[in-house]
Structure formats: C-alpha cells, structure tokens
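The structure appears right after this line, and notes come after that.
The values are calculated or read from the model by the stated rules, or taken from the named source; none is laboratory data. These numbers were taken from a predicted model, which means no experiment stands behind them. Cβ: placed from backbone, ideal geometry, glycine included. Neighbour counts: every protein chain shown.
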C-alpha cells in the first residue's frame with residue numbers, strides 16, 4: 001500500500017482503489033460479452049449498414065491513436081529537440097500511447113469482418129491504399145512503443161532475479177533517441193494518413209480536401225499531449241504525489257495550447273474555404289442535409305471548436321487560468337473530448353449524407369442514421385476498461401515518472 | 001597492368017589494407033540486401049503482380065473493356081433484371097441486391113425507373129483504397145473481388161460513391177426465393193465477413209475467352225440482367241470494339257455517366273428518360 005493509497009482511504013473513508021478495480025472488472029466483463037456476440041453472430045449485431053459501414057469503433061480507433069500522439073510528440077521534444085526536462089513525462093506518454101494503440105488494435109479486430117485475416121495487409125500489398133500504409137505504420141510504431149516501454153517494464157522488481165534481462169532492458173533503453181526518430185517519422189505518416197483515409201475520397205465531397213490529414217495530425221498532437229498531462233495530474237492527485245514538476249506542467253500546457261491555436265487556425269480556414277467563401281455544390285448540399293437532420297452544426301461549433309479547442313487554448317495560454325489546477329484539468333479534459341467528438345463528426349458526416357448519384361430528383365434528400373448498438377457500446381466500454389486497467393497498473397507498479405515511487409520500490 | 005599502377009597499388013596497400021574487414025562485411029551486407037530486395041521485387045510482395053493483382057488474371061486482356069448501356073427511356077420498371085441478378089449470383093436477400101432499382105422522377109416531373117449495377121469504374125475508388133488488394137480493375141475493365149483475400153474492413157464501401165458494395169454482415173443461410181424462377185446460381189454464396197458486388201457476371205465473361213463467343217451478342221456469355229430485359233433496355237459490349245452492340249448504341253444515342261465529376265470513369269452509360277411522358 002503506498003502512502004498515496006493510505007492517504008486516499010483516510011480522506012474518503014472507503015477503499016476507493018478497490019471500487020475502481022471492481023468498476024474496471026465490470027467494464028471488461030461487459031466488453032467480453034460484446035466481443036462474444038460479435039464473434040459468434042457476426043457484425044449483424046452492430047447498427048452498421050452498407051450505407052453507414054463505419055461508426056463507433058472507427059471513432060474509437062481514430063481517437064485512441066490520435067490521443068496516443070503524446071508518445072511521439074514528447075519523445076521527439078525530449079530526445080530530438082533536446083528539451084530534456086520533457087523526459088520527465090515522456091515515459092508516461094509512451095506508456096499511454098502504447099495503451100492507445102493496443103486498444104485501437106483490439107477495436108479493429110472486432111470491426112473487421114474476418115479477424116482471422118488481420119495480418120493480410122502485411123502480406124498482400126496495395127501501396128495505393130492509405131489504409132495499407134496506416135496498417136504498416138501502426139504495426140511498426142506499436143513495435144517501437146513496445147520497445148520503448150520494455151525497459152520501463154523490466155525495471156519492475158519482478159525482474160530483479162534476472163540481471164541479464166535487466167541489462168538487455170538498459171541497452172534497449174540506450175536506443176531511445178533512435179526510437180524517437182523512427183517514432184516521429186512513422187507518426188508523421190500515419191497520424192495524418194488517418195485523416196487522409198477520408199481526405200482522399202474524391203467521391204465524398206464533404207471529406208475530399210487536403211486539410212483533413214493536416215488537421216488530424218495537429219489535433220492529435222494537441223489533444224494527445226493534453227491527455228498525457230490530464231492523466232498525469234489526475235494520477236498524482238489520487239496518489240497524493242507531485243508526479244512531475246509544476247514548471248513542466250505549465251510548459252506542457254503551453255505547448256498543447258499553441259498547437260491548439262494552430263489547429264483552430266487551420267480549422268477556421270478550412271471552414272472559410274470550403275463553406276463560407278465558396279459554393280461547391282456537393283459540399284453545400286451535404287452540409288444542408290446535415291444541418292436539417294442532424295445535430296452536426298451544433299456539435300461542430302460547440303464541442304469541436306468552442307469547448308474542444310478554443311476554451312482549452314485559452315486556459316492553457318492564459319497564466320492565471322493555467323496555474324489553477326482545477327481549470328487546467330477541465331481544459332485538458334475538454335481537449336480530449338473535443339478530439340473524440342471531432343473524429344465522430346468527421347466519420348459520420350461523410351456517411352450519413354451520401355453523394356447523390358441518380359439523374360432524377362426524387363431521392364435527393366437522402367439521409368441515413370446511425371447510433372451504436374448495445375453490443376458495439378459494450379465492446380467499446382470493455383476496451384476503455386482495458387485502458388483504465390493498464391494505466392492504473394502502470395501508475396501503481398511501474399516507474400512511469402521519475403518522481404513516483406512504485407509500490408515495489410518502496411517495499412525495499 | 002603498368003608498373004606505375006602496380007606501384008600505386010603497393011603504396012595504398014602499405015598505408016591501409018585494400019579491403020578492411022569492415023569493408024568486406026559492408027559489401028557482403030549490401031549484396032545480401034540487394035539480393036533480398038531483387039527477390040522481393042521479382043517474385044515477392046513487392047512485385048508488380050503482387051501489388052496490382054494482375055497475376056490472378058489469365059485470359060482477360062486489354063483488347064477488351066466491358067461496358068453497359070442502360071436506356072432509361074425504354075425501361076418499363078419490371079424489375080426482371082434485379083431478380084435475374086439475384087438468382088444468377090445467388091443474392092438471396094433484397095437488402096443485398098447488387099443490381100438495385102427504384103422509382104425516380106425527372107426534374108420536369110416525368111416518372112422513370114432507375115436501375116444501377118456496379119458501374120465498373122476505370123478509376124475505381126474502391127480499388128484504390130483496399131489495403132490488401134482484394135479488389136482490382138482487371139485488364140478487361142471489370143472490377144473484380146477476391147473473397148479469399150478480403151478482410152472485411154469495409155473501406156471500399158466507404159469509398160464507393162455509388163452505394164454499390166454489399167457486406168456479409170452475417171452468414172446468409174436462407175433459401176434464395178428467386179431460384180429457379182429467375183435463374184440458377186452460377187457462383188458460390190459468399191462467406192460471412194467479406195464484401196461482395198456486381199461483377200458483370202464475370203463467370204460468363206471468362207467463359208467467352210475460352211469458347212468463341214461474344215459477350216453482348218451471345219446470351220451464354222452476357223450478364224443475366226442484360227439477357228432477361230424484355231424491352232432490351234440494357235446493352236452490353238466491348239467498348240474497344242467499335243462494332244460491338246454497345247459501341248453502336250453509344251454512337252446513335254446521347255448518353256450520360258453518373259457523377260462524372262467524381263473522376264471515377266464509370267463504364268456504364270445511361271440514356272436519359274424522355275422529356276415528356278409518352
């Protein structure tokens with residue numbers, strides 16, 4: 001039991017940690033029930049259709065990978081651009097990224113119709129497909145994340161009995177700058193290609209624009225670094241420890257804030273160029289159908305722009321707000337939610353208002369609907385539970401932060 | 001070798017060995033890598049065949065480019081083409097129709113019946129996005145599917161702007177209500193978890209290359225939907241043969257293709273309905 005846990009118990013009078021694990025267990029059990037249904041009966045248990053073939057799980061993939069961008073961003077800042085102070089948080093960022101990428105892969109395995117063929121993109125190449133490139137990048141980058149994470153894992157006292165393995169961990173750790181370079185390259189590729197997944201589809205006018213890949217990677221860096229700081233502060237609060245220095249906290253918030261401003265700038269011009277200053281018939285028609293039948297406009301302006309980017313940017317960049325811990329936590333949380341809403345909006349907006357292809361006029365107000373089914377939601381809850389479990393175990397038992405004292409270390 | 005050269009060589013050998021151990025290793029490594037890369041490009045996953053999937057073709061050649069004409073002025077909306085397709089390709093569910101049809105109306109109020117097979121785009125968006133190359137544009141222009149390679153990611157379905165593709169959300173086990181009235185299945189039913197689509201009855205086209213038969217002329221090798229049409233509203237043929245029924249029809253009629261602005265280069269041509277109801 002760490003001092004943090006004891007303090008927590010004293011404060012709340014109940015064993016919060018045990019409750020937390022029970023909650024995680026329930027979430028994972030729900031997820032397993034969902035996964036069983038998917039594998040047993042097929043994707044018919046989802047609310048997806050031939051018209052809206054992608055939904056909640058793709059949003060999950062895009063969000064988890066996007067929010068995992070903190071890993072490559074902090075590694076690059078600390079080891080390539082030599083802002084060594086950021087090393088304090090880069091381990092945790094790598095670990096969170098690893099959780100994000102693995103959770104995306106679990107969601108993908110559920111989402112594809114033939115999970116037994118998951119490795120086919122590695123054997124059968126279609127170099128013209130951005131999804132092929134993404135698959136390769138995600139596989140390679142997850143491997144790199146694993147090797148970046150391995151030395152952290154090997155520092156656990158469990159490995160005390162095998163000094164040889166520990167030494168391997170140290171030599172792997174000395175390669176961190178190499179991993180940082182590779183990770184930066186691969187992430188620059190696939191984080192933007194995730195946006196290109198939609199951005200290159202000339203048949204879907206609402207998606208077809210070169211800004212999508214760029215907005216995806218910039219929002220991923222902004223919200224991914226925000227998530228890392230968010231979890232770090234929260235974990236510190238629950239453990240009653242300062243996991244990273246206040247100075248670093250402020251610097252991370254500022255970095256996320258400036259990135260957020262860049263994202264907003266692109267978003268503004270994207271909106272101005274595709275919608276406000278121009279009239280592209282396909283886009284205008286699709287936007288009109290969205291406005292008439294879905295809450296797209298409201299969620300776009302309120303959650304993506306205002307709450308998801310503008311307010312966090314203000315909090316991160318205005319010192320009095322940034323120094324207020326509660327405000328900072330709210331801002332970081334909003335940034336994360338903003339990214340998820342953005343990925344959902346981008347995915348669904350292109351699908352529910354499809355292009356009109358008949359030469360007639362009857363079918364022109366074509367709108368499909370989609371809400372995730374119970375099973376889809378269950379699987380997603382389960383995977384989020386997996387993420388919670390991994391992070392909780394990591395924070396408690398692994399030296400993710402230089403200032404943190406893992407439980408095992410303290411016992412010595 | 002001249003004496004001068006010899007001397008020079010001697011000199012360099014004295015200062016440092018001609019090939020250090022590191023050089024030898026480097027050369028060996030480079031040679032090995034070159035061999036591996038060559039092999040990958042020649043026969044492995046980097047080969048043009050593996051990337052384009054063209055090796056899967058045997059008979060189809062670029063002498064052919066199969067296309068279809070649909071005369072919306074002639075079409076009476078009997079739906080025979082839809083049902084014949086469902087029987088021939090064993091599409092038992094109406095929700096999974098490859099060849100869809102529905103009542104439509106022109107801007108000036110004339111009713112017509114719109115039907116749409118796969119448009120077999122030459123620049124097919126679905127083909128470009130497939131991460132495993134399970135769908136590809138054959139030499140003869142048909143957008144084919146490899147059900148054994150498809151992983152069911154449905155990106156092709158997202159990319160297709162014409163709502164052509166159909167996914168097997170579950171195992172389809174029910175009897176096909178259109179068999180045998182509208183035809184006999186010529187292809188196997190697809191498994192759960194893979195994508196399927198209209199293939200211009202590719203099994204018949206392939207037969208034409210072996211027998212001396214012409215798709216669009218000989219019914220045995222012409223798509224089922226074209227054969228069954230009671231008013232000959234569907235015309236099939238080789239776009240590269242100027243005397244094929246399709247080429248002749250295209251010369252004699254004003255036609256459009258669906259959403260040419262997408263840049264997909266479809267090979268299905270439509271004759272628009274008459275301006276006024278007959």
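Scanning the stretch B:226-252 for residues that are surrounded by fewer than 16 Cβ atoms within 10 Å (Cβ to Cβ) and more than 15 Å from residue B:75 (Cα to Cα) yields B:240, B:242, B:243, B:248, B:251, B:252. Against the test of being in contact with a helix residue (DSSP H, G or I) (Cβ under 9 Å, 6 or more places away or on another chain) and not in a helix (DSSP H, G or I), the options A:172, A:127 yield a single qualifying residue, A:127. Against the numbered list (1) under 30 Å from residue A:180 (Cα atoms); (2) under 19 Å from the mean Cα position of the chain (by Cα), residue A:54 comes up short only at (1).
Counting the residues of the stretch B:82-120 that are more than 13 Å from chain A (Cβ to nearest Cβ) and assigned to a strand (DSSP E or B) gives 0. The set of residues from the stretch B:249-261 being within 12 Å of chain A (Cβ to nearest Cβ), in contact with a strand residue (DSSP E or B) (Cβ under 6 Å, 6 or more places away or on another chain) and either part of a helix (DSSP H, G or I) or free of Cβ contacts under 8 Å to residues at least 40 places away in the same chain (or both) comprises just one member, B:256.
Taken as a whole, the stretch A:48-65 holds at least one residue that is at negative phi, in contact with a strand residue (DSSP E or B) (Cβ under 7 Å, 6 or more places away or on another chain) and without any contact (Cβ under 8 Å) to a residue 60 or more places away in the chain. Looking at (1) at pLDDT 95 or above; (2) buried (at least 21 other Cβ atoms within 10 Å of the Cβ); (3) more than 19 Å from residue A:398 (Cβ to Cβ), can you tell me which one residue A:124 breaks? Single failed check for residue A:124: (1). Does residue B:111 fit the bill of being without any contact (Cβ under 8 Å) to a residue 12 or more places away in the chain and either in the same structural domain as residue B:169 (by TED's automatic domain parsing) or touching a strand residue (DSSP E or B) at 6+ places or on another chain (Cβ under 9 Å) (or both)? No, not satisfied. Do we have any residue at all in the stretch B:121-132 that's touching a residue at least 40 places away in the same chain (Cβ under 8 Å), within 11 Å of chain A (Cβ to nearest Cβ), closer than 30 Å to residue A:39 by Cα and assigned to a loop (DSSP other than H, G, I, E, B)? No, because not a single residue in the stretch B:121-132 is touching a residue at least 40 places away in the same chain (Cβ under 8 Å), within 11 Å of chain A (Cβ to nearest Cβ), closer than 30 Å to residue A:39 by Cα and assigned to a loop (DSSP other than H, G, I, E, B).
Residues that are within 22 Å of residue A:225 (Cα to Cα) and in contact (Cβ under 8 Å) with a residue 24 or more places away in the chain within the stretch A:259-299 comprise A:259, A:260, A:261, A:262, A:263, A:264, A:266, A:267, listed in sequence order.
When B:181, B:199, B:264, B:214 are checked against the criterion of being away from every other protein chain (no Cβ under 14 Å), in a loop (DSSP other than H, G, I, E, B) and closer than 16 Å to residue B:118 by Cα, a single residue qualifies: B:199. When you look at residue A:389, is it away from every other protein chain (no Cβ under 14 Å), surrounded by fewer than 22 Cβ atoms within 10 Å (Cβ to Cβ), out of contact with any helix residue (DSSP H, G or I) (no Cβ under 8 Å at 6 or more places or on another chain) and over 25 Å from residue B:158 (Cβ atoms), yes or no? Considered against the rule, which asks whether it is away from every other protein chain (no Cβ under 14 Å), surrounded by fewer than 22 Cβ atoms within 10 Å (Cβ to Cβ), out of contact with any helix residue (DSSP H, G or I) (no Cβ under 8 Å at 6 or more places or on another chain) and over 25 Å from residue B:158 (Cβ atoms), residue A:389 comes out as no. So which residues in the stretch B:133-150 are touching a helix residue (DSSP H, G or I) at 6+ places or on another chain (Cβ under 6 Å) and without any contact (Cβ under 8 Å) to a residue 40 or more places away in the chain? Correct list: B:137 only. Note on the stretch A:123-173: residues that are within 23 Å of residue A:95 (Cα to Cα) and under 28 Å from the mean Cα position of the chain (by Cα) amount to 26. Among the residues of the stretch A:23-58, which ones are over 16 Å from residue A:374 (Cα atoms) and away from chain B (no Cβ under 12 Å)? If the condition is that a residue be over 16 Å from residue A:374 (Cα atoms) and away from chain B (no Cβ under 12 Å), then A:23, A:24, A:25 are the ones that fit. Being within 12 Å of chain A (Cβ to nearest Cβ), part of a loop (DSSP other than H, G, I, E, B), modelled with pLDDT of 95 or more and within 28 Å of residue B:209 (Cα to Cα) is a condition met by at least one residue of the stretch B:154-173. None of A:71, A:104 is more than 10 Å from chain B (Cβ to nearest Cβ), assigned to a helix (DSSP H, G or I), in contact (Cβ under 8 Å) with a residue 40 or more places away in the chain and over 21 Å from residue A:370 (Cβ atoms) except A:71.
Selection of the stretch A:257-296 for residues being buried (at least 16 other Cβ atoms within 10 Å of the Cβ) and either in contact with a strand residue (DSSP E or B) (Cβ under 8 Å, 6 or more places away or on another chain) or within 14 Å of chain B (Cβ to nearest Cβ) (or both) yields A:280, A:282, A:283, A:285, A:286. Looking at the stretch A:86-99, can you tell me whether even one residue there is at negative phi and either assigned to a loop (DSSP other than H, G, I, E, B) or touching a strand residue (DSSP E or B) at 6+ places or on another chain (Cβ under 9 Å) (or both)? There is no residue in the stretch A:86-99 that is at negative phi and either assigned to a loop (DSSP other than H, G, I, E, B) or touching a strand residue (DSSP E or B) at 6+ places or on another chain (Cβ under 9 Å) (or both). Taking the conditions (1) within 14 Å of chain B (Cβ to nearest Cβ); (2) touching a residue at least 24 places away in the same chain (Cβ under 8 Å) in turn, residue A:208 satisfies each one other than (2). Looking at residue A:127 and the list (1) within 18 Å of residue A:76 (Cα to Cα); (2) within 14 Å of chain B (Cβ to nearest Cβ), which single condition is not satisfied? Result: residue A:127 passes all but (1). Just wondering, is there one or more residues in the stretch A:368-375 that are away from chain B (no Cβ under 14 Å), touching a helix residue (DSSP H, G or I) at 6+ places or on another chain (Cβ under 7 Å) and either part of a helix (DSSP H, G or I) or at pLDDT 95 or above (or both)? There is at least one residue in the stretch A:368-375 that is away from chain B (no Cβ under 14 Å), touching a helix residue (DSSP H, G or I) at 6+ places or on another chain (Cβ under 7 Å) and either part of a helix (DSSP H, G or I) or at pLDDT 95 or above (or both).
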